[in-house]
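Below is one structure, written out as structure tokens, with a few remarks after it.
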């Protein structure tokens, strides 16, 4: 596949995508955003990555989500995105929300991990250089730091905004209590705290148990949820065993074969029946299920193929659930 010719975005790109306000901010995000965690590193096909990004924007996906350690190897997703941005998306910069993060191990020594002021500011400087950007729209602290005082981490986010390197800040994987404290600190500094990125899907419900969404609603912060398909379990991929080319069969993957238990397969089959009755794929229903809650601003999807991305976008064709469907889903997942 060779699509290196000049890119002109679809004139109809905003016709079908739906957008939702992010907390109590002035920003609206597409209901589906594209994450560059996998499929955009050096080991991946560059033209395929570019095709996915082009298709996303052509379908009204205005938000591209990255992090310093996305690849593999670390940094490579940002570098590839920077090249594609320069060649394809530079004329559309003001139509895009581009985010990146820092918080996981990135370089050797004591200053390349977690949440110190030195690490966060240094990491963002590196990210901007890799992507060829003057600023990002959102910069996240990628995970809580159990040792660095929260005041230092939030102070670094504040400094990043005041320096013009980010327009808004966010956090990821923080629990409700930590989130409330972060919001309090950022509000006192006048820092635009836009969004929280938690892991959330039908099978991973910690945000409900922790009452995180209640906290976000109270402090006026939006949410963008990742792993909506539970690393592929909430698709039709594992209905009849584990395919050899699947994520569960790949060594070093974030999903292992022992997670695909007979009980999980049985649950997935029952969920798939409900999806079929809704004229949706299981993946589409899993995305729609998340978006039924207005406190979920956007669902962050990954894609390895253009068709996969399009299939996810088609989830927006049916976002409504009957009470009976919701009860059946809960009964299956108990």
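The values are calculated or read from the model by the stated rules, or taken from the named source; none is laboratory data. Every value quoted in this text rests on a predicted model; they were computed, and no experiment measured them. Neighbour counts run over all protein chains shown; Cβ positions are idealised from the backbone, glycine included.
At a glance:
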item: Test for residue 127: is it assigned to a strand (DSSP E or B) and crowded, with 18+ Cβ neighbours inside 10 Å; result: no
item: Positions within region 165-192 being within 17 Å of the chain's Cα centre (by Cα) and within 18 Å of residue 29 (Cβ to Cβ), in sequence order; result: 168, 169, 170, 171, 172
item: Residue in region 51-59 that is within 26 Å of residue 316 (Cα to Cα), at pLDDT 95 or above and part of a loop (DSSP other than H, G, I, E, B) present; result: yes
item: Residues being touching a residue at least 12 places away in the same chain (Cβ under 8 Å) and farther than 20 Å from residue 38 by Cα - total across region 97-122; result: 7
item: Counted residues, region 203-226 - those being crowded, with 23+ Cβ neighbours inside 10 Å and in contact (Cβ under 8 Å) with a residue 40 or more places away in the chain; result: 6
item: Test: residue in region 256-264 that is modelled with pLDDT of 90 or more and touching a helix residue (DSSP H, G or I) at 6+ places or on another chain (Cβ under 9 Å); result: yes
item: Failed item in (1) touching a strand residue (DSSP E or B) at 6+ places or on another chain (Cβ under 9 Å); (2) under 22 Å from residue 10 (Cβ atoms); (3) not in a loop (DSSP other than H, G, I, E, B), with residue 83 passing the rest; result: (1)
item: Among the residues listed as 11, 47, the single one being over 17 Å from residue 304 (Cα atoms) and out of contact with any strand residue (DSSP E or B) (no Cβ under 8 Å at 6 or more places or on another chain); result: 11
item: Test: residue in region 177-199 that is without any contact (Cβ under 8 Å) to a residue 24 or more places away in the chain, assigned to a helix (DSSP H, G or I) and touching a helix residue (DSSP H, G or I) at 6+ places or on another chain (Cβ under 6 Å); result: no
item: Test result for residue 164, modelled with pLDDT of 95 or more and in a strand (DSSP E or B); result: no
item: Residue check for residue 92: surrounded by fewer than 19 Cβ atoms within 10 Å (Cβ to Cβ) and either modelled with pLDDT under 95 or not in a helix (DSSP H, G or I) (or both); result: no
item: Complete set of residues in region 179-211 that are out of contact with any strand residue (DSSP E or B) (no Cβ under 7 Å at 6 or more places or on another chain) and over 20 Å from residue 159 (Cβ atoms); result: 180, 201, 202, 203, 204, 205, 206, 207, 208, 209, 210, 211
item: Residue match in region 149-156 (condition: touching a residue at least 12 places away in the same chain (Cβ under 8 Å), touching a strand residue (DSSP E or B) at 6+ places or on another chain (Cβ under 9 Å), under 16 Å from residue 103 (Cα atoms) and not in a helix (DSSP H, G or I)); result: no
item: Subset tally (residues that are in contact with a strand residue (DSSP E or B) (Cβ under 9 Å, 6 or more places away or on another chain) and within 21 Å of residue 319 (Cβ to Cβ)) for region 14-44; result: 16
